[in-house]
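Report on the following structure.
The values are calculated or read from the model by the stated rules, or taken from the named source; none is laboratory data. Keep in mind the model is a prediction, meaning the values are calculated, not measured. Positions of Cβ are generated from backbone atoms using ideal geometry, with glycine treated the same way; all protein chains shown enter the neighbour counts. What goes into the accessible areas is simple: the full protein's heavy atoms, side chains included, and nothing from ligands, DNA or RNA. Shrake-Rupley method; radii C 1.70, N 1.55, O 1.52, S 1.80 Å.
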Amino acid sequence: MEDKLMLMIPGPTPVPEQVLLAMAKHPIGHRSADFSRLVADTTAGLKWLHQTTGNVLVLCSSGTGAMEAGIINFLSAGDRVLCCENGKFGERWVKLAQAFGLDVDLVQAPWGKPLDPEAIRAKLEADTDKQIKAVILTHSETSTGVINDLETISGYIRAHGALSIVDAVTSLGAANVPIDAWGLDVVASGSQKGYMIPPGLGFVAVSDRAWKAYETATLPKFYLDLGKYRKAAQKDSNPFTPPVNLYYALDAALKIMQREGLENIFARHAKLTRATRAAIKALNLPLYAADEVGSPAITAVAPVEVAAEDIRSFTKKHFDILLAGGQDDLKGKIFRIGHLGFVSGRDVLTAIAAIEAALTGLGYSNFTSGAGVAAAAAELAK
Ligand SMILES: *Cc1c(COP(=O)(O)O)cnc(C)c1O
């Protein structure tokens, strides 16, 4: 049915009406005092969200553009980097680093499992002559629904002295990512995930240590030269024409987030995750990642007796609910439920009910009708 689509995918995520309406205006001149005020307000809000006093710079890009900026501003061709890979987005980091001629060393974990912080520590401790310039990793691995132990890993990186370059695209705004407290250097994210904004803005948080590396980094850059964005930010401006209407959206979304409060945002995501996982267990479907490492943004399910893609088609066709599929090797093997951003308990109940209907419709009978909804409801009522 028209206009009834419900996004339960890990981006783009649903957008609140207040945010949509905030965008429904003529763009204003990006060199005007009004726009400067918007930049000042949103910059303050972004620092609050990132829990940092350092720069948070706004790019006109998707999340990958922010990741690319995070590489090319702080490194030089031939630099040794340690890429940590346990999924599709970890792989993207490897490809990105290789595309720019970096000397990539790898720490891997099987997809569906978390990175082993001790394996990263061992690599760093073995690097006594400090050849490793940066450790590059994904916090919430969206492709598998696994969250990595960024706090512990960051401690090991600090002890070594390399920069940390982090994809926090599906953790920022869902889970605690206290950039200053954890000593993170470069943190990339994108508007269509926890921010509750349509796609189009990329964000990069940059520490003082990273700015020091910026001074000697020689990879070529122009549009994504973060020095330009830092200089403009000092005057509450942006070096190029920014997507002005997305700034309206950013301002509205940050205000909604500030009214909810960081702790409440994290608690809501944790509760939605518990409810989703409890429901999937009650339906006797295998969860792809273990409870202790389940991402607060996304839950991956690996059904055996019924095809993942059939479940997705069913919920889309009959209920206008979009679930995500698996990527690469996981295509057809898993489906993923996004519970990130502008998502409430009601959305999870609806999605679980639709999944139950799909299971019944597809002839899967290894569950008691209503068990998933009941399990989710029990968690949500706590
Ligand atoms: C969505 C996502 C990205 C960014 O993808 P874009 O399509 O470039 O916005 C990066 N990393 C993770 C973990 C993601 O979930």
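Normalised by the number of residues in region 156-200, the average gap of Cα pairs under 8 Å and 6 or more apart makes the relative contact order 38 percent.
For region 369-380, backbone phi angles converted through the Karplus equation (6.51, -1.76, 1.60; θ = phi - 60°) give residue-by-residue couplings of 3, x, 5, x, 4, 5, 5, 5, 4, 4, 5, 5 Hz, Gly and Pro being listed as x.
Classify region 1-51 as rounded, prolate or oblate, taking a ≥ b ≥ c as the square roots of the eigenvalues of its Cα gyration tensor: rounded when a/c is under 1.5, otherwise prolate if a/b is larger than b/c and oblate if not. Oblate. Which translational diffusion coefficient, to the nearest whole µm²/s, is obtained for region 207-345 from the Stokes-Einstein equation, given a Kirkwood hydrodynamic radius over C-alpha pairs, 37 °C and 0.692 mPa s? Answer from the Stokes-Einstein relation: 174 µm²/s. Counting every pair of alpha carbons in region 199-274, the share spaced more than 14 Å apart comes to 75 percent. Here region 36-114 has an Rg and Dmax of 15.6, 47 Å, counting Cα atoms alone. Given R0 = 41 Å, the distance between the Cβ atoms of Glu2 and Arg31 translates into a calculated FRET efficiency of 0.55.
Semi-axis lengths, largest first, of the ellipsoid equivalent to region 128-167 are 22, 10, 7 Å, with √(5λ) applied to each eigenvalue of the Cα gyration tensor.
Modelled spin labels at Ala307 and Asp149, positioned 7 Å past Cα toward Cβ, are 4.0 nm from each other. Using the Stokes-Einstein relation with a Kirkwood hydrodynamic radius computed over Cα pairs, the translational diffusion coefficient of the chain at 37 °C and a viscosity of 0.692 mPa s comes to 154 µm²/s.
Annotation: amide H-H contacts under 5 Å for Gln108 (H modelled 1.01 Å from N, sequence separation of 5 or more, or interchain): Glu85.
Over the chain, dividing the summed -39,500 (n - 2.57) contributions of all DSSP H runs of at least 4 residues by the number of residues returns a 222 nm mean residue ellipticity of -13500 deg cm²/dmol.
With 0.36 nm allotted per residue and the present C-alpha distance subtracted, the Ser344-Glu260 stretch has 29.0 nm of extension available.
Pair-distance distribution P(r) for region 122-238, from all Cα-Cα distances in 5 Å bins starting at 0: 2, 10, 19, 21, 20, 16, 9, 3, 1 percent.
Residue separation of Gln234 and Ser76 scaled by 0.36 nm, minus their Cα-Cα distance, works out to 54.3 nm of gained length.
The residue list Leu285, Ile265, Phe89 was ranked by how far each Cα lies along the charge dipole of the chain toward its positive end, using unit charges on Cβ atoms, and Ile265 comes out on top.
Between Tyr223 and Lys281, residue separation times 0.36 nm minus the direct Cα-Cα distance comes to 16.2 nm. From most to least packed by mean Cβ count within 10 Å, the peptides 332-342, 119-129 give 332-342, 119-129.
Taking the 1.4 Å solvent-accessible surface of the chain as the whole, the part contributed by carbon and sulfur is 54%. Rounded to two decimals, what ratio of Rg to Rh does region 1-135 give with C-alpha atoms and a Kirkwood Rh? Over the Cα atoms of region 1-135, Rg/Rh equals 1.07.
Applied to region 113-121, the Karplus parametrisation 6.51 cos²θ - 1.76 cosθ + 1.60 on θ = phi - 60° returns per-residue 3J(HN,Hα) values of 10, x, 5, 8, x, 5, 5, 5, 4 Hz, with x for Gly and Pro. The distance between label points at Ala357 and Ala44 comes to 4.6 nm (points 7 Å beyond Cα on the Cα→Cβ vector).
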